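Reviewing the structure listed below.
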Amino acid sequence: MPVFEHHVFVCSNHRPAGAPRRSCTAEGQSELHARLQQLSREAGLAGKVRINKAGCLDQCEHGPVVVVYPEGVWYGNVSPADAEEIVREHLVGKRPVERLRIADECLNNCSCPHCG
């Protein structure tokens with residue numbers, strides 16, 4: 001099998017009600033994951049792009065979270081409606097979607113203004 005051009009991880013973590021950090025999904029169901037898979041297939045990316053569910057990516061304050069490798073681009077507050085733009089611009093066009101990117105200074109940083 002050839003190497004994937006992109007590997008996309010979609011957080012599917014679910015926390016119980018009252019947890020101190022938010023969840024990226026409700027009951028582990030990710031409409032976002034399904035939408036990214038569908039759109040990547042429709043764009044002819046089967047075999048070139050792999051879309052996987054991931055456990056907690058530890059960026060909960062920015063959830064739902066998606067990370068795209070090999071670039072290491074982190075997207076936050078991603079909705080299923082954003083999936084088309086990620087596929088079209090990043091996975092096909094090779095241009096990250098800047099409006100969805102988590103700022104580098106916010107990754108793994110609880111002093112980030114978004115950190116609760």
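The values are calculated or read from the model by the stated rules, or taken from the named source; none is laboratory data. Treat the numbers as computed from the prediction; the structure is a model and nothing was measured. Positions of Cβ are generated from backbone atoms using ideal geometry, with glycine treated the same way; all protein chains shown enter the neighbour counts.
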*Restricting the search to region 36-53, which residues are modelled with pLDDT under 95 and under 13 Å from Val87 (Cβ atoms)?*
Ala46
*So, of the residues in region 55-73 that are of a type in the set (A, V, I, L, M) and in contact with a helix residue (DSSP H, G or I) (Cβ under 9 Å, 6 or more places away or on another chain), which turns out to be surrounded by the most Cβ atoms within 10 Å (Cβ to Cβ)?*
Val66
_Tally of residues being of a type outside the set (A, V, I, L, M, F, W, C) and farther than 24 Å from Ala46 by Cα across region 66-114_ = 12
*Within region 29-71, can you find the residues that are farther than 10 Å from Cys11 by Cα, without any contact (Cβ under 8 Å) to a residue 60 or more places away in the chain and under 11 Å from the mean Cα position of the chain (by Cα)?*
Leu36, Ile51, His62
_Yes or no: region 38-51 includes at least one residue that is of a type in the set (Lys, Arg), surrounded by 15 or more Cβ atoms within 10 Å (Cβ to Cβ) and assigned to a loop (DSSP other than H, G, I, E, B)._
yes
*Checking Glu105 against (1) free of Cβ contacts under 8 Å to residues at least 12 places away in the same chain; (2) under 26 Å from Val3 (Cα atoms); (3) of a type in the set (D, E, K, R); (4) not in a loop (DSSP other than H, G, I, E, B), which single condition isn't satisfied?*
(2)
*Those residues that are touching a helix residue (DSSP H, G or I) at 6+ places or on another chain (Cβ under 7 Å) and part of a strand (DSSP E or B), I need them from region 74-88; list them, please.*
Tyr75
